[in-house]
1. Please rank THR184, THR40, fewest neighbouring Cβ atoms within 10 Å first, as an exposure proxy.
2. Suppose every K and R has +1 on its Cβ and every D and E has -1 on its Cβ; what is the size of the dipole of segment 38-86 about the Cα centre, in Debye to the nearest 20?
3. Using Cα pairs closer than 8 Å and at least 6 residues apart in sequence, work out the relative contact order for segment 2-211, in percent.
4. Using the Cα centre of the chain as the reference point, and only Cβ charges (+1 on K/R, -1 on D/E), how large is the resulting charge dipole? Debye, rounded to the nearest 20.
5. Looking at segment 1-92, which trypsin sites (Lys or Arg not before Pro) are DSSP coil and have at most 10 other C-beta atoms within 10 Å of their C-beta?
6. Take ARG117, ARG191 and order them by how many other Cβ atoms sit within 10 Å, fewest up front.
7. Label-point separation (nm) for ALA180 and GLU111, each offset 7 Å from Cα along Cα-to-Cβ?
8. Provide the net charge surrounding GLY72, with neighbours chosen by a C-beta distance below 10 Å and charges set as Lys +1, Arg +1, Asp -1, Glu -1.
Amino acid sequence: MSEQFSVQHPILKRMYSLDGDVEQRTGIYDDWAVSYDEDTIEGLGYLGPALVAERVADIVPARTPILDAGCGTGLVGAELARRGFSTVDGVDLSQGMLDVARGKGVYRRLEQADITRPLPFDPDSYGAVVCAGTFTAGHVGPEGIDPLLAVARHGGHLVMTVLTPAWERMGFHRHIEELARRETARLIEDRADQTYHTQEPVTCRVVVLRKA
Ligand SMILES: C[S@@+](CC[C@H](N)C(=O)[O-])C[C@H]1O[C@@H](n2cnc3c(N)ncnc32)[C@H](O)[C@@H]1O
């Protein structure tokens, strides 16, 4: 995927060229956890957490229970807390990232799990599931959508960023059409070409699905 578009920053080059090996990905994030916030927010001008928090705050009331999938160090949780959300759980592969997230004090519960597999949360329990920065090159493809929908309430939302070059190439579009055909979830919003990193010419889509 890295040869499909050009990024200069060494961190992004490394992230987007990961080959899908889950253990390697987990180790990289464990090692990166302590400097992740500074490297992404200051170094890259990363906007993913603010994009999803803004959308979810427009769609559901602040009392809604939220699951932050691929929560990393908790940047999304912090953005949600700033908007008044107080019942936010998080899940991530990397224990190092989760340890940093716990330190922010904005999550009710944090679990280490792979979002491409059935999750350790009650089915049909969250009013919204959010996911920033994880549906992206070298990370998680559309196979991560169904486990997240499984823990959302009927009528609940999945609000996620998808890296622009990953949308077609990893099959997000096709998978979402299939969800609509099966009457599992419907695409209710798809904002293309959103600025994702201010320091690199990289955009994302901000996509909202509603579970049937
Ligand atoms: C670019 S970071 C985004 C973190 C956070 N959402 C943010 O916006 O700052 C990607 C995160 O996804 C996690 N991740 C990658 N693959 C995953 C998977 N299959 N299941 C759960 N988490 C995963 C990584 O450990 C990492 O914390």
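Taken together, the values in this text are just the output of simple stated rules run on the coordinates, not laboratory data. Given the structure is predicted, the values throughout are model-derived calculations rather than measurements. Using ideal geometry, Cβ is built from the backbone for each residue, glycine included, and neighbour counts are taken over all protein chains shown.
1. By the 10 Å Cβ count, ascending, the order reads THR184, THR40.
2. 320 debye
3. It comes to 21 percent, rounded to a whole number.
4. That gives the chain a dipole magnitude of about 720 debye.
5. Numbers: sites: LYS13, ARG14, ARG25, ARG55, ARG63, ARG82, ARG83; in loops: ARG63, ARG83.
Filter output for segment 1-92: ARG63.
6. Fewest to most other Cβ atoms nearby, the residues stand as ARG117, ARG191.
7. 3.1 nm
8. Values: positive: none; negative: ASP37, ASP68, ASP92.
Charge balance near GLY72 sits at -3.
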